[in-house]
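The values are calculated or read from the model by the stated rules, or taken from the named source; none is laboratory data. Source: prediction; values computed, not measured. Accessible surface is based on the protein model in full, side chains and every heavy atom, while ligands, DNA and RNA are left aside. Shrake-Rupley method; radii C 1.70, N 1.55, O 1.52, S 1.80 Å.
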Amino acid sequence: MKLLSPFLLLIFLVGCESTYYSAMEKVGYHKREILVDRVEDAQESQQDAQQQFTSALEHLKTLTNFDGGDLEVIYDQVNDQYKDSKAAAELVSKRIDEVDSVAEALFDEWQGELEQYQSTSLRAESETQLADTKKRYAAMLKAMRRAESQMAPVLSRLNDNQLYLKHNLNARAIGSVGKEFVRLEQEVADVIQQMSKAIAESDKFIATMK
């Protein structure tokens, strides 16, 4: 079967989203509420990713401090932690994209509805509210994307470590990984810090939307 082109796939996905929003609005669940729920989902995925990256770091530390035991078992744990970290990062990105999708739909709808006002004063007030909401949203999204971008170096380093250990599971290899541990530790700390900032920005945004 012939696959859809990226452009046609985009149209299909946008159409699905529009259908979803329309269906939800019929039962009294509007884009504003969907946006808040998706921001909360994104927060949850970021919190889970923080815990997962910390767990991966702890398992790698156990390996670098190896002092007897089954190296294969410890390596398997490190490898599993990398896979779980990658999955957690992918979920964070997916959730952020979902937030941005409904936000764009909400802002487009809001902008279009400005033309329907008969009252000049009410329209001006709504226009100001839209501008303020966009500004707060932009600050939150920027924080989310910044944290998202800092996950990539951590995943790359975790992947490098597990690939190297896969074919060199011995004391020398563990020593080589240990030399890079401090850098990885700092990168994980940076990601966690950026995610905490993004979560805080999300809290502020949610508070203004409820």
May I ask you to rank T128, T133 by accessible area, largest first, using a 1.4 Å probe over the protein chains only? T128, T133
Considering the alpha-carbon set of the chain alone, what are its Rg and its Dmax in angstrom? 22.4, 78
The chain: calculated mean residue ellipticity at 222 nm from DSSP helix runs of at least 4, using -39500 (n - 2.57): -31000 deg cm²/dmol
Scanning the chain for helices, which whole DSSP H stretches are 15 Å or more long along the axis (Cα) and average -1.0 or more by Kyte-Doolittle? 6-26, 31-64, 71-113, 120-149, 151-167, 181-209
Counting C-alpha atoms alone, how compact is the stretch 137-210: give Rg to one decimal and Dmax as a whole number, in angstrom. 17.1, 56
Report, ordered by chain and residue number, the lysines lying within cross-link reach of K134, taken as a straight Cα distance under 16 Å and ignoring same-chain residues fewer than 8 apart. K31, K142, K204, K210
In percent, what relative contact order does the chain have, based on Cα pairs under 8 Å that are 6 or more apart in sequence? 30
Enumerate the aspartates and glutamates that K61 could reach by cross-link, defined here as Cα to Cα under 18 Å, with residues fewer than 8 away along the same chain left out. D70, E72, D76, D80, D84, D160, E180, E185, E187, D190
